[in-house]
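Asks: Take a look at the following structure, please.
The values are calculated or read from the model by the stated rules, or taken from the named source; none is laboratory data. The model shown is predicted, which means the values in this text are computed figures rather than measured ones. As a convention, Cβ positions derive from the backbone with ideal geometry for all residues, glycine included, and neighbour counts pool all protein chains shown. Ligands, DNA and RNA are stripped out before the accessible areas are found, and what is left, the full protein with its side chains, is counted by its heavy atoms. Shrake-Rupley method; radii C 1.70, N 1.55, O 1.52, S 1.80 Å.
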Amino acid sequence: MASITIDGKIIDFSGSPRVIDIALENGIDIPYFCYHPALTISGNCRMCVVEIGTRQYDQKTGEAMKDPDGNDIVSYMSKPQISCSQTAADGMVVRTRSEKIIESRKAVLEFILANHPLDCPVCDQAGECILQDYAFQYGFAKSRFIEQKRTYVRQKISEVMTPEMNRCIHCDRCARFTSEIVHDHSFARTKRGNRLELAAFPGKIITHNYQGNMVDICPVGALTLTDFRFKSRTWFLKFGLTLCASCGKGCNVKVSFKDSRIFRLKPVYNEKVNGYWMCDYGRLRYEFLNTNRRDTHLVKGVKTNLAEAVKTAAEIIRTASSIGVVASAAESCESCDALFNLSANIVQTPHIDYRIEDAQVKNDHSLRREELLLANDPYPNSSGAEKSGLLPGHGGMTALELLADPRKVDLLIVILDDKILEHPDLLQNISGAGNLIIASPFISKWDAAADVSFALKSYTETSGSFINIDGIKQNFEPVMPPHGDAEDTAVIFNKLAGILR
Amino acid sequence: MPEKRIIMDKMEDSRSPLLEFYRSGEGYLALEKALKMQPDEIINEVKESKLRGRGGAGFPVGMKWTFIKRELPGPKYLICNADEGEPGTFKDREILLKKPHMMIEGMIIAAYAMGLDAGYIYVRGEFAEPCGKVDYAIEEAYAAGYLGNNILGSGFSFDLYTYLGAGAYICGEESALLNSLEGKQGMPRLKPPFPAQYGLYGRPTTVNNVESFAAVPPIIINGGKWYADIGTPKSGGTKMFSISGHVARPGVYEIPMGTPWKEFFYDIAGGVKDKKRLKAVIPGGSSTAVLTADEIENMTMDYESCIACGSMLGSGAVIVLDETTDMVKVLHRILKFYANESCGQCTPCREGCDWFFDIINRIYYGQGRMEDLDMFETLGKNISPTTICAFGESFVTPTLSFIRKFRNEFTGYIEKRRAE
């Protein structure tokens, strides 16, 4: 196996990886701005410079030459080399922290900071800005640059992003992302020299569905998310890892929240699911988790505790002659299992179904046209619901039939998730059901008509798993505290099953 | 040593761009001869001639031609770099205007020697007229069977096209040229890979200067040794120099490599204009270090001697500055050019070139500080080793040479302000 020495550490490798990849994988820090593992190498920032050398071998004996202290004699290239474009070779010796390299990086930072406005106090990126980090790490508090700083005319480039190009360090990540990942050429480097500007075509704006990623990969605050702009300083936010539930893809996300309010979602790397990215649709659709959240359980419109609500619901279920269950693929596999157990094993009704959307009925596991990540199926766990068996039994009615005419059953149990609440027309008849039990994380106008209304935890507040359109099962853990008395769906239905057994 | 006109032979005749006139001399005889030779023989002949790249870097042409792997399947390309952009250089224009066939013949021979399929002549944006001449010459060559399929019955086929750039200095850098030719922004590529492995459209590509190609036919006809004997032991043949500035007879002169500076300057170019005293010379275009009159006195006009004097021969653009020259103003003008022409891709150059210009601009307009001169040194040290291409060096080198050699003029500007 080939091996490379980085800062005295001997590391084995196979294939032809880049020096920067080997270093980062082995915990050796190399600073960089323009490098991104998913994009082509541009090599323009010059921050990731290292010294590359080769050992000297005795021409006669072929043995590595040693200095009097017994160290290998290495001859280094006279100029620092960028480690992002340097392919590792067997026997290569790399120095990442020599005086020469530190000087070189300082010099690059001085050039970058020369025209950078240093408006960190009003910049959204502050706190998670790598330019800030490196300036602190390598920094000098005083600039030698006394000339007038470069400014750009502010242009509207998109509905999703707000540009602040004076902060731009021209790393070209955003433009490379647009052309290489989205295959949309609407954003590129224009002009040249010191006037180089990342810009959209004059009079045009960027319209693709992945612009949030451009904000994420922007190492500074040149591209900011309009939605998040000036909402919170990043250091006041807490973070948690979970999934995006806005379609069947199940992109891994980092939730930023304060108290129980979500401020933004950012993608988290998962090679098998979403890579480094997520779509803007999913990214900007978090607000439903912040608003209209139900924090108490109701019995006939009156607040009550969970035990009372469960007891009442059990009574209603026991006395009902026929029961219809409209389940939800927004619930985790574990909740779906609990619901199946209750409806199929305990009360033994055939009228159970999770399918609301066309894509679910057609079992469509494909992505939307011209999308990288956004699936046709808007539910995160259709495959899980299917696997749990939440489908009509022999002679059973489908979810849409139950919703269209709830009078056909004596009792309708319905889970009102965020997606179905977006289709009030589907729900207009449910008040007419003989008895109605609602379970939902959200307040809705149908609560008044319900005999029992359970407050559910949203998926960000509980643990469980989703099976995505590709059949990949992903677990998630609670990232934030629940709203009020809200309880996990599986817990509620298992309690019901326990009483009814 | 007087002028020795090999490429510029009979250039003064107004019919020189025409095929008919070119063929009345030795035109296309070299091609006929070359097509009967083995490709390796041609390359060896060029190697033996010690012809070095005339674009500025002086890389041995014959060696460059060995980098292409003939046997590799798929298209391979030949590029003629006619993006003559270095301030002070105007030699290639002469060839394009007056001897386009000589360059075309050289290209066909080169393509045959390396087994290349198509050639592009990348002409600088401002050269609309020379480009027209080349286009006409290409048409003539096609009609005469020197280009196209099965050239002169040899079975070798080669197509040639011109491409007019958009007028960026940086597109004279070979990898930026390739990007521009592909229709992309003229920004240099990371190297390695070099064009011989990954060039135009990712295919093996050889890039040579106009003058390098034009030197090939005489080498094939007369032999590499003949050409090598004309020059110095390390750089063979003649070189065209474009001399401008405060000189009595500015223009393009072709002289043997190794001609003493004094002979070239005083005997051939007529010395300083208006009998003034010589102050300094920029020997190889605006990106090379300036030499004082004393430094250049014993130089000979070849690559090694120029390096020994502390500068570069570059593209052979000699700019003469007489005693009346304001060196601050010259540097101001040079840096204005470079600040405008950086492609802006990599950090040190993008930020550095404008910073340099801002500083010299302040000095020039009376806002200079003494520490600015030292700042040039420290900033320059940080720019040149880390840029993607040689552009960084191109504006740092002249700046530092001006500051070091004519420091009193710069301090004069700064002090004048203080006195006021």
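Asks: From largest accessible area down, sort A:SER78, A:SER465, B:SER244; use a 1.4 Å probe on the protein chains.
Replies: Final ranking, largest accessible area leading: A:SER78, B:SER244, A:SER465.
Asks: How many percent of Cα pairs in chain B exceed 41 Å?
Replies: 16
Asks: Need one word for the range A:28-166: rounded, prolate or oblate. Basis is the Cα gyration tensor (sqrt eigenvalues a ≥ b ≥ c); a/c below 1.5 gives rounded, then a/b vs b/c decides.
Replies: prolate
Asks: Report the calculated FRET efficiency for B:ARG404 and B:LYS33 (r = Cβ-Cβ distance, R0 = 35 Å), to the nearest 0.05.
Replies: Between B:ARG404 and B:LYS33 the formula returns 0.10.
Asks: Further question: Pairs to check: A:LYS142/B:LYS405; B:LYS98/B:LYS225; A:LYS191/B:LYS184. Give those whose C-alpha atoms are more than 23 Å from each other in this structure.
Replies: Distance filter (> 23 Å) returns A:LYS142/B:LYS405; B:LYS98/B:LYS225.
Asks: Suppose a student asked you for the relative contact order of chain B, using Cα pairs under 8 Å spaced at least 6 residues apart; what percent would you report?
Replies: 17
Asks: Let me ask another. Calculated from DSSP H runs of 4 or more alone, at -39500 (n - 2.57) each and per residue, what is the 222 nm mean residue ellipticity of the protein assembly as shown, nearest 500?
Replies: The helix contribution divided over the protein assembly as shown gives -9000 deg cm²/dmol.
Asks: On full extension of the chain, what length is gained from B:GLN197 through B:LYS273, given 0.36 nm per residue of separation minus the C-alpha to C-alpha distance?
Replies: 22.6 nm is the gain from fully extending B:GLN197 to B:LYS273.
Asks: Rounded to the nearest 100 Å², what is the sum over both chains of accessible area buried where B meets A, with a probe of 1.4 Å?
Replies: 2700
Asks: Between B:LYS262 and B:ALA166, what is the label-to-label distance in nm when each label sits 7 Å out along the Cα-to-Cβ direction?
Replies: Computed distance between label sites B:LYS262 and B:ALA166 equals 5.0 nm.
Asks: Can you pull the one-decimal nm distance between simple spin-label points at B:LYS381 and A:ARG318, each 7 Å off the Cα toward Cβ?
Replies: The two pseudo-label positions are separated by 8.9 nm.
Asks: Calculate the translational D of the range A:297-500 in whole µm² s⁻¹ from Stokes-Einstein, where the hydrodynamic radius comes from the Kirkwood formula applied to all Cα pairs, the temperature is 20 °C and the viscosity 1.002 mPa s.
Replies: 127
Asks: Pairs of lysines 8 or more apart, or on different chains, with alpha carbons under 22 Å: count those in the range A:208-298, would you?
Replies: Pairs that pass both the separation and distance tests number 11.
Asks: Next up: Which lysines have a Cα less than 18 Å from the Cα of B:LYS76, not counting those fewer than 8 places away in the same chain?
Replies: Candidates past the 8-residue exclusion: B:LYS64.
Asks: Counting only other chains, and only Cβ atoms inside 10 Å, what mean value do you get across the residues of A:38-44?
Replies: Average neighbour count from other chains, rounded to a whole number: 3.
Asks: If you don't mind, another one. What ranking, highest mean first, results for peptides B:75-88, A:116-129, A:99-112 when packing means the other Cβ atoms within 10 Å averaged over each residue?
Replies: Packing order, densest peptide first, comes out as B:75-88, A:99-112, A:116-129.
Asks: Output the relative contact order of the range B:209-360, whole-number percent, from Cα pairs under 8 angstrom with separation of 6+ residues.
Replies: Value for the range B:209-360: 19 percent.
Asks: Which sequence of A:TYR32, B:TYR266 reflects their accessible areas, 1.4 Å probe, from the largest down?
Replies: B:TYR266, A:TYR32
Asks: Just report the Cα centroid separation between the range B:309-332 and the range B:1-68, whole Å.
Replies: 30
Asks: Now a separate question. Could you give the dipole magnitude of the range A:297-500 about its Cα centre, charging the beta-carbon of Lys and Arg +1 and that of Asp and Glu -1, in debye to the nearest 20?
Replies: So the magnitude is around 500 debye.
Asks: Simple spin-label model, 7 Å along Cα-to-Cβ: B:ILE221 to B:ALA128 in nm?
Replies: With each label placed 7 Å out from Cα toward Cβ, I get 3.5 nm.
Asks: Just the number, please: Stokes-Einstein D of the range A:2-110 in µm²/s, Kirkwood Rh from C-alpha pairs, 4 °C, 1.567 mPa s.
Replies: Calculated translational D: 89 µm²/s.
Asks: Bin width 20 Å, origin at 0, all Cα-Cα pairs of the protein assembly as shown: what percent of pairs per bin?
Replies: 12, 33, 28, 16, 9, 2
Asks: Okay, moving on. Indicate, rounded to the nearest 5 percent, the antiparallel portion of the DSSP beta bridges found entirely in the range B:56-160.
Replies: Of those bridges, close to 10 percent are antiparallel.
Asks: Right, next: Using a 10 Å cut-off around each Cβ of peptide A:86-98, what is the average number of partner chain Cβ atoms that fall inside?
Replies: The shielding value for this peptide is 0.
Asks: OK, next. I need to check one value: relative contact order of the range A:1-76, counting alpha carbon pairs closer than 8 Å and at least 6 residues apart, in percent.
Replies: This gives 16 percent for the range A:1-76.
Asks: Could you count how many Lys pairs in the range B:235-367 have their Cα atoms under 23 Å apart, skipping same-chain pairs fewer than 8 positions apart?
Replies: So the count of such lysine pairs works out to 10.
Asks: For a test of understanding, tell me how many lysine pairs in the range A:2-110 have Cα atoms under 20 Å apart, given they are 8 or more places apart or on different chains.
Replies: Lysine pairs satisfying the spacing and distance rule in the range A:2-110 number 4.
Asks: Right, here's the next one. Taking each residue in A:108-119, count the Cβ atoms of any other chain within 10 Å of its Cβ, then average. What number comes out?
Replies: 4
Asks: A follow-up question, please. When DSSP beta bridges are limited to those with both residues in the protein assembly as shown, what percentage is antiparallel, rounded to the nearest 5?
Replies: Antiparallel bridges make up about 60 percent of those DSSP assigns within the protein assembly as shown.
Asks: Within straight cross-link reach of A:LYS204, meaning Cα distance under 16 Å, which aspartates and glutamates are found once same-chain residues fewer than 8 apart are removed?
Replies: Within reach: A:GLU159, A:ASP184.
Asks: Just checking chain A: which Cys have no other cysteine's beta-carbon under 4.7 Å?
Replies: A:CYS48, A:CYS84, A:CYS120, A:CYS123, A:CYS129, A:CYS168, A:CYS174, A:CYS218, A:CYS247, A:CYS279, A:CYS333, A:CYS336
Asks: How do B:TYR201, A:TYR276, B:TYR169 stack up against each other in accessible area, from largest to smallest, with a 1.4 angstrom probe?
Replies: So, going from the largest accessible area down, we get B:TYR201, A:TYR276, B:TYR169.
Asks: With viscosity set to 1.567 mPa s and temperature to 4 °C, compute the Stokes-Einstein D of chain A, Rh being the Kirkwood radius across alpha carbon pairs; µm²/s, no decimals.
Replies: Using the Kirkwood radius from Cα pairs, D works out to 50 µm²/s.
Asks: Return the single residue from B:ILE95, B:ILE108, B:ILE230 with maximal mean-square fluctuation; model: Gaussian network over chain B, springs between Cα atoms under 10 Å.
Replies: Maximum fluctuation in the GNM of chain B, among the listed residues, is at B:ILE230.
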